[in-house]
């Protein structure tokens with residue numbers, strides 16, 4: 001910080017710490033409903049995926065219990081994600097600024113965020129996560145339905161069973177990749193991110209740092225150059 | 001089976017050959033079903049129900065003698081009846097006793113995710129251990145013969161055990177015991193293969209069935225239930241017996257390359273994230289400049 005700003009330091013600090021609402025109570029409750037159900041689905045799914053991870057089923061009540069609840073919990077997760085879709089799909093539209101941001105992803109990975117174009121409520125990475133989860137959900141629901149009542153499919157339609165085991169496992173792997181990145185970034189990578197999903201608020205400085213366009217929108221401040 | 005456990009195959013620090021190796025009889029069991037001498041009496045169906053303690057299910061009438069369309073979780077042995085018109089216009093009633101084939105390379109076992117829910121004994125019997133079954137139904141997907149059946153009440157999957165409980169006590173399976181025509185045989189795989197070949201030769205040379213042969217499909221490594229068919233070139237005629245059964249390709253893809261790719265991706269992903277944190281660290285919140293960034 002240059003010496004020219006020192007005289008404003010106290011005022012700026014106060015302003016920096018002012019809180020802005022980022023997620024409503026409904027959004028937060030729904031997020032954790034989705035998060036917890038996903039973790040259950042992950043554990044039971046991984047138990048069915050590999051014998052070396054079968055112990056995960058034991059942790060949540062044993063194999064038959066896991067088999068019974070996995071599809072039902074899957075439906076709850078689906079409901080949570082569908083509500084998220086309804087609430088956020090407008091904010092998640094990918095536009096030209098996202099395409100510019102996408103080109104600067106290497107800077108983002110190297111934490112050189114100052115080189116990135118300003119972003120709105122969600123950045124391009126969050127949008128990819130969102131759409132990745134939404135499209136994965138569709139495939140998981142379709143294949144999961146076949147696996148849930150696999151025994152009721154007649155022999156002549158066995159192709160759907162063959163497709164379902166492949167699709168369900170492959171798409172689940174994609175969501176695991178998305179999930180790991182999401183958890184990493186929102187817990188230890190980005191300061192203040194985790195708290196925002198618990199308390200619903202972020203500091204003005206956080207908004208200015210990570211979601212500058214959104215900061216200008218919610219604070220009613222004009223953008224530079226306007 | 002018991003002989004198999006004590007038969008020496010390798011000895012450490014031992015000069016010369018392994019004494020006694022290869023002297024034992026083949027201990028792999030096999031059921032031979034000669035469809036050409038089956039009369040469709042269903043004694044095997046009854047014996048199976050009786051021995052395994054299941055009551056009769058309601059039959060389904062579909063203009064044939066067949067008890068029901070396919071085997072059920074509590075009906076492991078079903079004769080499939082098919083009317084077949086030969087080239088000379090004569091009619092044949094094909095009757096094939098359908099049950100678990102006890103594959104050498106079992107698709108059910110390959111697909112099963114539950115520890116020890118499906119085991120394969122050294123004698124070739126593939127057996128479901130319902131106590132360990134979680135009821136996922138993956139075995140139904142893995143089986144190329146449409147055999148494992150789900151019980152909605154037990155929420156577990158059941159199938160023919162090849163009367164493992166009888167065989168381990170030196171008895172033949174219940175269906176074999178009940179067969180009145182001798183179309184069912186039970187013995188070692190080698191003996192049954194020979195007997196089946198002899199019968200097939202007989203059919204080819206003396207009975208006017210030039211395509212008669214033995215069904216012991218190599219795609220699943222051979223089976224411990226084998227058939228003699230009048231027309232081995234068209235096994236589908238016999239209640240849809242698959243011509244070249246094998247573990248479904250998608251099950252193979254899922255359980256082999258996809259599993260290892262997936263595991264590698266998860267471990268690699270976790271390592272990558274840990275590396276990223278150590279290399280670049282957390283993203284810090286920057287203070288807002290007094291002019292909201294208007295002046296760079």
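The values are calculated or read from the model by the stated rules, or taken from the named source; none is laboratory data. Keep in mind the model is a prediction, meaning the values are calculated, not measured. Glycine gets a Cβ as well: all are built from the backbone with ideal geometry, and neighbour counts include every protein chain shown.
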>> With the requirement that a residue be within 18 Å of the chain's Cα centre (by Cα) and within 14 Å of another protein chain (Cβ to nearest Cβ), what does the stretch A:94-112 give you?
In response: A:105, A:108, A:109
> Out of the stretch B:109-134, which residues are within 13 Å of chain A (Cβ to nearest Cβ) and in contact (Cβ under 8 Å) with a residue 40 or more places away in the chain?
Replying inline: B:110, B:111
> From the list A:33, A:25, which residue is surrounded by fewer than 16 Cβ atoms within 10 Å (Cβ to Cβ), in contact (Cβ under 8 Å) with a residue 24 or more places away in the chain, away from chain B (no Cβ under 14 Å) and at negative phi?
Replying inline: A:25
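Do we find a residue being in a strand (DSSP E or B) and either within 30 Å of the chain's Cα centre (by Cα) or at the interface with chain A (Cβ under 7 Å from one of its Cβ atoms) (or both) anywhere in the stretch B:254-270?
no
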> Identify, please: which residue in the stretch A:180-209 is within 11 Å of chain B (Cβ to nearest Cβ) and not in a helix (DSSP H, G or I) and is, among those, farthest from the chain's Cα centre (by Cα)?
Replying inline: A:203
> Taking the stretch B:102-113 only, how many residues are part of a loop (DSSP other than H, G, I, E, B) and either modelled with pLDDT under 95 or within 19 Å of residue A:162 (Cα to Cα) (or both)?
Replying inline: 4
> Out of all the residues in the stretch B:123-141, is one or more under 18 Å from residue B:219 (Cβ atoms), outside any loop (DSSP other than H, G, I, E, B) and in contact with a helix residue (DSSP H, G or I) (Cβ under 6 Å, 6 or more places away or on another chain)?
Replying inline: yes
> (1) surrounded by 21 or more Cβ atoms within 10 Å (Cβ to Cβ); (2) more than 14 Å from chain A (Cβ to nearest Cβ); (3) part of a loop (DSSP other than H, G, I, E, B); (4) under 19 Å from the mean Cα position of the chain (by Cα): which one isn't true of residue B:66, the others all being true?
Replying inline: (4)
> For the stretch B:126-139, what are the residues that are surrounded by fewer than 24 Cβ atoms within 10 Å (Cβ to Cβ) and out of contact with any strand residue (DSSP E or B) (no Cβ under 7 Å at 6 or more places or on another chain)?
Replying inline: B:131, B:132
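When the stretch A:151-167 is examined, which residues are found to be closer than 19 Å to residue B:70 by Cα and facing chain B (nearest Cβ under 7 Å)?
From the stretch A:151-167, those closer than 19 Å to residue B:70 by Cα are A:151-159, A:161; that's our starting set.
A:151, A:155, A:161 - these are the residues of the stretch A:151-167 that are closer than 19 Å to residue B:70 by Cα and facing chain B (nearest Cβ under 7 Å).
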